[in-house]
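The values are calculated or read from the model by the stated rules, or taken from the named source; none is laboratory data. Remember, it's a predicted structure, so these values are computed and weren't measured experimentally. We place every Cβ from the backbone using ideal geometry, glycine too, and count neighbours over all the protein chains shown. Ligands, DNA and RNA are stripped out before the accessible areas are found, and what is left, the full protein with its side chains, is counted by its heavy atoms. Shrake-Rupley method; radii C 1.70, N 1.55, O 1.52, S 1.80 Å.
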Amino acid sequence: MIQSQGEDWRLYRQGPTHDYLGYAMLATLVLLALFMAIRGRIKVEHGMSGIKIKRFSTLERMSHWLMALSFIILGISGLNVTFGRSLILPLVGKDFFGPMSGYLKAAHNYTAFAFMLGLAIAFVLWVVHNIPDRTDLNWLAKGGGLLSKSSHPPAKKFNAGQKVIFWGVMVLGLSLSVSGWALLFPFEHSLFSDTFALFSYVGIDVAHILGLPEAPYSAIQEQQLNSAWHGIIAVVMICLIFAHIYIGTIGMEGAFDAMGSGEVDLNWAREHHSIWVDEVMSEKTDPADAAVAAPAE
């Protein structure tokens, strides 16, 4: 009836999780604000041409927004689990905080399936465009042109920075989905015991490295580890998405159009994805089929 690991888990959630994960998100926002203050908004150097080129299809944008909007709901509801009792409860009181947390928990549980669906569709649609290649090395060597003006390294449909975001979202999203599934259907899985056993075959004692008890773990210990891992990976992904949202909105002129209307200005495309533009144009017998004149927004 006494399970000492439960107290360790409670102290962990109220100590390191609450502090370090909160600091990580704040530090990310501060760094983005400093970058904005120093670099300013990345403008289209040659100005908007008024000519639009199709960048993403309706299906691609649908999968992106399904994943993005569901992640926002998951992020808000998940952060309430970790920080709500200390930050929100004192402001709104128990009578409001209790029902609000109940609704957020239900939203979290059901929205998770929408996120997993969007993640799967995005992977199928974009994995072929996110295989690393030599053009990425040149892009990285020049900082993607983000650190200086008049520097626009050539890139395909996705540049090296976007590929980092893609693989980060896919790997972290998969980990979130697996640990979340174990939390949704508790006491049915032994993910940590099985994973640590696989690592032990190659001589890596993960439990010892992390300072954890030796596996195998009891059902309740598995749930505690899933909960801790789920929270850590979620915050890492939130920090990654902060950077993605920044560069896709206020950080770069014209970037939002790609997922807004699905069409981007031709000058923007040539500056940031010149190889992709050449490929699109070469596939068209008539350039007018690839680029459609339209007033610049």
Placed amide H near residue 51: partners under 5 Å, 5+ positions off or other chain: 266, 267, 294
Which whole-angstrom value gives the distance between the alpha carbon centres of the range 1-56 and the range 125-152? 21 Å
Need one value: the accessible area of residue 164 in square angstrom, 1.4 angstrom probe, rounded to the nearest 10. 90 Å²
What FRET efficiency comes out for residue 13 versus residue 249 if R0 is 30 angstrom and r is the Cβ-Cβ distance? Round to the nearest 0.05. 0.40
How far, in degrees from 0 to 90, does helix 191-201 lean away from the longest principal axis of the Cα atoms of the chain, to the nearest 10? 80 degrees
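For the chain, calculate the relative contact order in percent as a whole number, restricting contacts to Cα pairs under 8 Å that are 6 or more residues apart. Numbers along the way, then the final one.
Values: 297 pairs, mean separation 103.1, N = 297.
Reported relative contact order: 35 percent.
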On the protein heavy atoms, probe 1.4 angstrom, tell me the percent of accessible surface of the chain carried by carbon and sulfur. 69 percent
By accessible area with a 1.4 Å probe, ligands and nucleic acids excluded, highest first: order of 85, 61: 85, 61
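Run the numbers for residue 259 and residue 188: contour at 0.36 nm per residue of separation, minus the present Cα-Cα distance, in nm. Before the final figure, lay out each step's value.
Numbers: separation 71, 0.36 × 71 = 25.56 nm, distance 3.90 nm.
Contour length minus the Cα-Cα distance gives 21.7 nm.
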Just reorder 174, 146 by solvent-accessible area, largest first, 1.4 Å probe, all chains present. 174, 146
Once the whole set of protein chains is in place, how much accessible area is left on residue 117, using a 1.4 Å probe, in Å² to the nearest 10? 100 Å²
With the crude spin-label approximation of a point 7 Å out along Cα→Cβ, what separation in nm comes out for residue 45 versus residue 125? 3.0 nm
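If I take R0 = 25 Å and measure r between the Cβ atoms of residue 62 and residue 33 in this structure, what FRET efficiency does the formula 1/(1 + (r/R0)^6) give, to the nearest 0.05?
Working: r = 32 Å, r/R0 = 1.26.
E between residue 62 and residue 33, to the nearest 0.05, is 0.20.
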Using θ = phi - 60° and the Karplus relation 6.51 cos²θ - 1.76 cosθ + 1.60, list the HN-Hα couplings for the range 266-280 in order, rounded to whole Hz, with x at every Gly or Pro. 4, 5, 4, 5, 5, 6, 10, 8, 5, 5, 4, 4, 4, 5, 5
Convex hull volume of the Cα atoms in the range 128-172, per residue, in Å³? 70 Å³
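Starting from 0.36 nm per residue, how many nanometres of slack lie between residue 146 and residue 195 once their C-alpha separation is accounted for?
Residue separation times 0.36 nm, minus the Cα-Cα distance, leaves 13.7 nm.
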Taking Cα centroids, how far is the range 80-106 from the range 185-233 in Å? 29 Å
